[in-house]
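The values are calculated or read from the model by the stated rules, or taken from the named source; none is laboratory data. The shown structure was predicted, so the numbers you read here are calculated from the model rather than taken from an experiment. With ideal geometry, Cβ positions are generated from the backbone for all residues, glycine too; neighbour counts draw on all protein chains shown. Calculation scope for accessible area: heavy atoms of the full protein, side chains included, ligands and nucleic acids excluded. Shrake-Rupley method; radii C 1.70, N 1.55, O 1.52, S 1.80 Å.
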Amino acid sequence: MTRSRLAWGFLLLPLPVAFGALLVGRYPISPGEVGAVLVHAVREGVARLLGLEPPALEGVAPVVQSLVLRIRLPRVGAAALVGANLAVAGAVYQGVFRNPLVEGRLLGVSSGAGLGAALALLLLPRPETVQTLAFLGGLGGVALTALLGWAFGGGVLVLVIAGVLVESFLSALLGIVKYTADPQGTLPAITYWLLGGLSAVRVRDLLPLGVASAAGLAFFFLVRWRVNLLTLADPEAEALGVPVRAMRYLVVAMGTLLVASAVSVGGIVGWVGLLVPHAARGLVGPDYARLLPAAAGLGAALVLALDTLARTLLPAEIPLGILTGLLGAPLFLALFLRFLRERGGWR
Amino acid sequence: MRLWARGVGYAYVRGKPVLQGITLEVRAGEILFLLGPNGSGKTTLLDLLGGLRLPGEGEVALDGRPLSALSPRARARAIASVPQFHEPPFNFTAWEVVLMGRAPYVRLLGQPGPRDRAAADRALEALGLTGLRDRPYYTLSGGERRLVVVARGLAQGASFLLLDEPDAHLDPANQHRVLRAVGGLVEGGLGVVATSHSPNNALLYAHRVALLAVGRLLSVGSPPEVVTPDLLQNAYGIPFVLVGDAPRAVLPALT
């Protein structure tokens, strides 16, 4: 029971990190000012809801209020959602594919989203078209994988093979788009997008990401225990009365919704979906009823922290994907070595 | 509850049946051993009895209703199929593995409730595994793992337990522990079918034995009636000798 409490406690972890992230940046803001702005925003919202006169914000410059609410808060929200989405989807994919080395980017989400974003940057370079086409490309990539996997019988292994095929085919198409792109303007834009980052996030980007995340995370909150059953071999799950093929496709579809919405806003952010679920497993155990809340909280806190480093560490912004890669690989190695030592070998 | 197979046949490849004309009743309160050489269709028959495959010919029925007419959930509440191997990709605890047996009782968007938790605890207790409750599955021995998976089947609350080679890959002591524990469950009114490659385990632990050879039922009856040198030679193709009387055993004849 204490482990279960610990798991839900991780959902609170992003809150202090988010508060810290609102303080720091090119223009440091004091905790008092951030607190005043946030409290005022809540009171203003409540007042509006009740049809009362909104209270005035005193003692804080309007530019500070705008910086907190319009620039930093959307970015903090996006970072938290991207982290939670990638971590939850990664944890679920590892179970569904019965493979601890899988992450949410498998199955052609990332190359599909990359291709969509690159096409948008080539043809209609506006933020909303980039986001929309990236999202649709991600879903399209997975749909293609699912269709191919289904045509070959629908087993887990076949789906992974189909994912590898689609991933490599779409990457080749992405290569064509890059090759034809203008090397002075469009090509660097595509390259930066693929490196991942949240510097372009504004308030309006939060709505689609928020809706997709809410739908996906709520679904996984409800089915959290049942995901355990998908870690069984197909005949075993069927013997327990689980419609295992249909469940796998449904769960992969909802996982894809999470990853595609994250990728469409933040570009390709690697490692989070692989690393965070394993860290969470180390802390609360493999039972998905505890694993999913822990992974969501840890993922949100980690991406928030990394994104804050990405925009404060150097005078110029570091692409988020580079940071997660730099930290992810050594962290994964450390985790993996501990894992091997604990169990005296693989598994 | 009564579980029947009537005139059952099955073919993986059309025109090459692996089972033909099998008629067999599984009764509550007994262990029925399925013996037969490799490829004789034991596991296929077990899958048919469990409703995991639908027969090409004939019918498998539970209390007169064909299994194909039951929903997967209803079937899983009545018949628990226990696989030979359970290899989870993550290191669940014994209790978490057993709790998965409650899947047919947990709603699609629901969580296991107090009843399910209690059922998992009872299943562990019935097999003497309470001390291993919170041990990670991969730290358990082969015999303990086998019992945990049997406990998962027990947690399903089914009337029939179908075990695929519960005595395979275990040392003699663990074979004894597993089959004795299963015998204890049968005294509580459960009906058990177990496939096996050990005629001697059939003599020791079975109430009835069904002997298969190339997809047909050679004989069904009490262990001393079925596990005889003649019938075994018929099924396995080598001569056997009977040794002792109580306990009785069969050995391949050294010629």
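List of remarks:
- B:P136 vs. criteria open to solvent by less than 30 Å² (accessible area, probe 1.4 Å) and of a type outside the set (K, R): no
- Helices (runs of 4 or more DSSP H) completely within segment A:238-347 that count 3 or more residues being closer than 30 Å to B:P72 by Cα and either without any contact (Cβ under 8 Å) to a residue 40 or more places away in the chain or open to solvent by 60 Å² or more (accessible area, probe 1.4 Å) (or both): A:244-266
- Residues of segment B:15-30 satisfying the condition of being of a type in the set (K, R) and closer than 10 Å to B:G56 by Cα: none
- Meets criteria (surrounded by 15 or more Cβ atoms within 10 Å (Cβ to Cβ), in contact with a helix residue (DSSP H, G or I) (Cβ under 7 Å, 6 or more places away or on another chain) and free of Cβ contacts under 8 Å to residues at least 24 places away in the same chain) for A:L11: no
- Some residue of segment A:169-185 being under 22 Å from A:A253 (Cβ atoms) and not charged (D, E, K, R): yes
- Taking the criterion of being modelled with pLDDT of 95 or more, crowded, with 18+ Cβ neighbours inside 10 Å and over 14 Å from B:V226 (Cβ atoms), the only residue of segment B:195-215 that qualifies is B:T195.
- Qualifying residue in segment A:232-247 (condition: more than 10 Å from chain B (Cβ to nearest Cβ), within 21 Å of A:P100 (Cα to Cα), in contact with a helix residue (DSSP H, G or I) (Cβ under 7 Å, 6 or more places away or on another chain) and among the small types (G, A, S)): no
- In segment B:73-110, residue surrounded by the fewest Cβ atoms within 10 Å (Cβ to Cβ) [restricted to those that are within 27 Å of A:F219 (Cβ to Cβ) and β-branched (V, I, T)]: B:V106
- Complete set of residues in segment A:214-223 that are within 11 Å of chain B (Cβ to nearest Cβ) and surrounded by fewer than 21 Cβ atoms within 10 Å (Cβ to Cβ): A:A218, A:F219, A:F221, A:L222
- Residue among A:A279, A:A262 that is of a type outside the set (S, T, Y), away from chain B (no Cβ under 11 Å), within 17 Å of B:P89 (Cα to Cα) and in contact with a helix residue (DSSP H, G or I) (Cβ under 7 Å, 6 or more places away or on another chain): A:A279
- The set of residues from segment A:202-213 being in a helix (DSSP H, G or I) and open to solvent by 30 Å² or more (accessible area, probe 1.4 Å) comprises A:V203, A:R204, A:L206, A:L207, A:P208, A:V211.
- For segment B:111-130, filtered to residues that are more than 8 Å from every other protein chain (Cβ to nearest Cβ) and over 21 Å from B:G188 (Cβ atoms), the residue that is most open to solvent (accessible area, probe 1.4 Å) is B:P114.
- Sole residue being acidic (D, E), at pLDDT 95 or above and either open to solvent by 50 Å² or more (accessible area, probe 1.4 Å) or within 23 Å of A:A239 (Cα to Cα) (or both), chosen from B:D171, B:D164: B:D164
- Scanning segment A:251-304 for residues that are in contact with a Ser or Thr (Cβ under 7 Å, 6 or more places away or on another chain) and at pLDDT 95 or above yields a single hit, A:R290.
- Segment B:43-67, subset outside any strand (DSSP E or B) and more than 14 Å from every other protein chain (Cβ to nearest Cβ), residue nearest to B:A11 (Cα to Cα): B:G56
- So A:R202, is it within 14 Å of another protein chain (Cβ to nearest Cβ) and in contact (Cβ under 8 Å) with a residue 24 or more places away in the chain: no
- Listed here are the strands (runs of 3 or more DSSP E) enclosed by segment B:1-42 that have at least 3 residues being free of Cβ contacts under 8 Å to residues at least 60 places away in the same chain and surrounded by fewer than 19 Cβ atoms within 10 Å (Cβ to Cβ): B:3-13.
- Any hit, segment B:70-79, residues being among the polar types (S, T, N, Q) and within 12 Å of chain A (Cβ to nearest Cβ): yes
- For segment B:80-107, taking the residues that are in contact with a strand residue (DSSP E or B) (Cβ under 7 Å, 6 or more places away or on another chain) and polar (S, T, N, Q), the one that is modelled with the lowest pLDDT is identified as B:N91.
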